[in-house]
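The values are calculated or read from the model by the stated rules, or taken from the named source; none is laboratory data. None of the values given here were measured: they were computed from a predicted structure. We place every Cβ from the backbone using ideal geometry, glycine too, and count neighbours over all the protein chains shown. Heads up: the accessible areas ignore ligands, DNA and RNA and are worked out on the full protein's heavy atoms, side chains in. Shrake-Rupley method; radii C 1.70, N 1.55, O 1.52, S 1.80 Å.
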Amino acid sequence: MNKNIQETPLDDEGLNWSLRQFESPDKTIRLATTFSGIGAIEYAFKRLGLNYKIVFAGDINDNCKASYFANYDISPKIWHSDIHQFNAKPYRNQVDLLVGGAPCQAFSIVGNRKGFEDTRGTLFREFARIIRECKPKVFLFENVQGLYNHDDGQTWEVISNTFKDYCGYHIYFRRLNSKNYGIPQHRERLYCIGFRRQTKFQFPAPIECPYIMYDFMEDYRGGNYYIKKYDCKVLTPRSERKTDLASGKVKPEYNEFVFKCADVDDKYYLSESVANYVLAGGSKNFKTSTKTDLRIARPLLQSMHKMHRAGVDNYVSYTKKKGINGLRRLTPKECLRLMGFTDEFNEVVSNTALYMQAGNSIVVDVLIAILKQVDITKYGIDYGE
């Protein structure tokens with residue numbers, strides 16, 4: 001990271017974010033998003049059981065729209081497909097929280113790091129325009145951590161100054177890794193939060209990840225989280241489970257995962273020759289690692305060159321039916337789980353699209369940590385207001 005960039009400190013001495021309670025849990029948050037993807041912030045509100053109302057949302061990708069509409073209550077009238085044509089002025093002072101993660105490929109190594117020379121790199125200006133037009137109480141911007149050192153720090157200086165001077169917000173920013181917030185995936189991203197009014201804020205301190213990648217697999221039975229009677233896994237960062245097993249039902253509450261175990265389709269298993277190739281370490285044209293069955297997953301990547309990148313860099317081994325051993329890549333559902341989406345998420349698009357959507361999303365659990373650290377309910381309104 002550029003030495004001249006000073007990140008906002010972590011809240012190392014305050015109450016752990018996972019133990020924080022919302023001040024006004026009955027309040028409704030008026031939520032707006034751009035570059036909405038599959039609705040990571042919306043899913044964070046769902047998992048937290050908080051009331052929220054979607055003010056507007058939008059994404060250029062039709063598959064994202066299909067997934068979004070299949071999972072959230074939204075009217076087509078408040079959806080935008082082209083941010084350049086979207087006018088947020090009618091929503092001025094009607095948004096409590098605005099969230100957006102402008103396409104990051106322009107600043108990532110995968111995208112050749114062309115920055116502002118890439119048209120995707122200038123989309124943050126549209127996000128800044130939306131902030132200026134609708135004036136949310138709080139905004140959250142997420143992107144690759146490569147923004148920090150891109151062009152020797154000048155890129156982030158331009159972006160941060162835009163948020164402060166052009167938009168008029170008090171901003172705080174830091175890199176956070178999902179493996180430190182309850183998800184066993186090494187995924188470091190930049191999070192920038194802005195407040196319309198001066199506010200003291202420190203980012204949530206890391207916690208020890210209680211899970212390993214295997215806990216999120218579809219066909220992994222056994223372990224501390226497996227409930228044999230119901231053939232499912234219940235994951236929760238809390239010592240006290242809120243699962244009613246006596247009734248024969250296992251339902252998610254609060255910040256809990258319920259994963260159903262299933263047999264994974266043969267198409268996800270690698271042939272013997274391909275498996276041997278993977279374990280051999282690859283070649284100059286195919287870079288991989290000989291390590292499989294990782295405790296912490298490698299970062300899930302977006303789709304590129306028509307290749308399923310979201311799960312291809314993580315391999316797990318299992319004993320299949322009839323005792324046949326196999327090595328396989330992650331399934332789309334497992335990729336979604338490793339981004340914080342439970343099995344309640346409705347999958348309505350192709351596997352190719354699901355891989356891309358998972359790889360492009362924000363990790364839900366990191367958002368949950370930030371929402372609790374901020375206590376987003378302080379910025380909500382009374383129901384019906």
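Distance from the C-alpha centroid of region 146-200 to that of region 349-385: 16 Å, rounded to the whole angstrom. Using only Cα coordinates, the Kirkwood hydrodynamic radius of region 1-47 works out to 14.5 Å. Between THR352 and THR8, the contour length at 0.36 nm per residue exceeds the alpha carbon distance by 120.1 nm. Need the list of aspartates and glutamates near LYS77 for cross-linking: C-alpha distance under 17 angstrom, and skip anything on the same chain fewer than eight residues off. Here the aspartates and glutamates satisfying the reach criterion relative to LYS77 are ASP59, ASP62.
Within region 125-212, all pairs of alpha-carbon atoms sorted by distance into 5 Å bins from zero give the percentages 3, 13, 21, 21, 18, 13, 7, 3, 0. In terms of accessible area, using a 1.4 Å probe and ignoring ligands and nucleic acids, CYS209, CYS167 rank largest first as CYS209, CYS167.
In a fully extended conformation the segment linking LEU19 and ALA66 would gain 13.4 nm over its present Cα-Cα distance, using 0.36 nm per residue.
The heavy atoms of ASP165 offer some 120 square angstrom of accessible surface to a 1.4 angstrom probe. Within the same chain, aspartates and glutamates fewer than 8 places from LYS89 are excluded, and of the rest, those with a Cα less than 18 Å from its Cα are GLU126, GLU133. With every protein chain in place and a 1.4 angstrom probe, the accessible-area ranking of LYS179, LYS229, largest first, reads LYS229, LYS179. Legend: residue pairs LYS46/LYS179; LYS65/LYS228; LYS65/LYS260; LYS137/LYS233; LYS267/LYS291; LYS135/LYS372, Cα-Cα distance threshold 31 Å; pairs beyond threshold, LYS65/LYS228; LYS137/LYS233. Set the Förster distance to 25 Å, then compute FRET efficiency between GLN202 and ARG92 from the Cβ-Cβ distance, nearest 0.05. Step by step, r from the Cβ atoms, then E = 0.25.
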